[in-house]
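Everything below concerns the one structure shown next.
What follows draws every value from the coordinates through simple rules; no lab data is involved. All values derive from a computational prediction rather than experimental measurement. Note that we place each Cβ from the backbone using ideal geometry, even for glycine, and neighbour counts take in every protein chain shown.
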């Protein structure tokens with residue numbers, strides 16, 4: 001069954017590898033990072049459906065907008081990979097699972113901190 005996955009820090013390294021594994025497994029993958037160029041290059045090489053969403057995850061307004069974009073395109077996020085290296089203790093994605101993605105948490109099946 002295909003799920004909606006969202007990967008932060010997806011532009012390079014571990015985040016890109018997680019995105020690739022999820023895409024290879026047949027999931028739709030939203031790619032978040034600050035660099036549109038990195039995300040676009042990754043998306044071109046993935047076999048499945050992707051959504052490129054350049055986002056600074058330390059900006060709560062930008063992060064809310066990113067989740068809204070994914071949800072508008074595909075529905076609620078079901079798999080969340082928190083990999084962005086810029087995540088700070090007070091950032092929106094550092095909260096517990098009940099508040100990490102606002103209204104979306106009722107549909108998140110897995111949260112992975114890479």
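May I ask you to compute the full-extension gain from residue 72 to residue 36, defined as 0.36 nm times their residue separation minus their alpha-carbon distance, rounded to one decimal in nm? Mind dumping the intermediate values first?
Values: separation 36, 0.36 × 36 = 12.96 nm, distance 1.97 nm.
Here the segment from residue 72 to residue 36 would lengthen by 11.0 nm.
Show me 25-38, 64-77 ranked by packing, highest mean number of other Cβ atoms within 10 Å first.
Going by the mean number of other Cβ atoms within 10 Å, highest first, we get 25-38, 64-77.
Sorted by packing (mean other beta-carbon atoms within 10 Å per residue), highest first, where do 52-63, 10-21 land?
The densest-packed peptide leads the list: 10-21, 52-63.
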